[in-house]
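For reference, the structure discussed in these notes is given below.
Computed from the coordinates by the stated procedures, all read-outs in this text should not be read as laboratory data. Please read these numbers as outputs of a predicted model, since none were measured by experiment. Neighbour counts are summed over all protein chains in view; Cβ atoms, including those assigned to glycine, are modelled from backbone coordinates with ideal geometry.
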Amino acid sequence: MLKSELRQEIKARKCRFTADGLREQSLAIVRKVLDHPRVGKARTILLYHSMPDEVDTHDLIDRLYQQGKTVLLPVTLGDDLEIRRYEGPQRLRESHAFHIMEPVGAAFADLQAIELVIVPGVAFDGKGNRLGRGRGYYDRFLRQVPQAYKLGLCFGFQMTEAVPVGPTDVAMDEVLCG
C-alpha cells in the first residue's frame with residue numbers, strides 16, 4: 001500500500017469515532033504513558049501539543065511539567081522543528097502553519113539532554129515503523145537525537161500490518177496505543 005493510500009485508510013477509520021470517543025481513548029493511552037518506566041526515569045522529554053485528530057497530550061504535558069520534568073515541545077519553522085521549553089499554558093501561542101499551540105521563547109539547544117521523544121503519527125506497525133503526515137519534520141529531527149528513546153503514540157485503529165518505509169524514515173523504539 002502506498003503512503004498516501006494508508007493515510008486515507010486511517011482517516012476513514014478515524015471518522016468512525018466521535019470526539020468524545022477519541023477523548024476517552026486518549027485518557028487510557030495517557031495513563032499508559034504516565035505508567036511507562038521510561039517516562040518515570042526521564043528528566044527531559046520532548047512531547048507534542050496534539051492536534052484534534054491525535055492522541056490528546058494537553059493534560060499529559062501539564063502533568064509531566066508539574067512533576068518537575070523538563071518538557072519540550074516542537075515549533076515548526078520552515079521545513080524544520082525547533083525545540084522549545086514548555087513553561088506553562090500561558091506561554092503558548094497558536095502557530096500559523098498548523099494552528100496548534102507552540103511555546104514562545106528561545107530554542108532549546110542541548111539536544112543531547114533529550115532522553116525521551118513522544119512522537120505522533122498517522123499510522124504505526126509492529127516493527128515501530130511510523131507514517132507521518134508527509135512533511136518529514138520528525139524524521140529529520142529524530143536523526144539529531146539518536147540517544148533519545150522514541151515512543152510512538154496512537155489510537156488502536158492507527159496500528160497497521162505494515163507501514164511503507166523509505167531510506168529517510170526513522171522507526172520508533174516502541175509504540176503505545178489504546
note = Low-density loop trypsin sites (Lys or Arg not before Pro), region 25-126, at most 13 other Cβ within 10 Å, DSSP non-H/G/I/E/B, are R43
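Restricting the count to DSSP beta bridges whose residues both fall in the chain, what percent are antiparallel, rounded to a multiple of 5?
Details: 12 of 26 bridges.
Antiparallel: roughly 45 percent of the beta bridges in the chain.
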ask   = Gap in Å between the Cα centre of region 134-178 and the Cα centre of region 1-33?
value = 15
request  = Output the relative contact order of region 3-177, whole-number percent, from Cα pairs under 8 angstrom with separation of 6+ residues.
outcome  = 22
request  = Would you mind getting the Kirkwood hydrodynamic radius of region 22-62 from its Cα pairs, rounded to one decimal in Å?
outcome  = 10.8
ask   = Taking only the alpha-carbon positions of region 3-177 and ignoring solvent, what does the Debye formula give for the base-10 log of I(q)/I(0) at q = 0.12, 0.17, 0.19 Å⁻¹?
value = -0.52, -1.11, -1.43
inquiry  = Can you tell me, using C-alpha contacts under 8 Å and at least 6 residues apart, the relative contact order of region 47-110 as a whole percent?
reply    = 28
remark   = GluC sites (Glu not before Pro) in region 57-165 lying in a DSSP loop, each with at most 16 other Cβ atoms within 10 Å of its Cβ, come to E87, E161
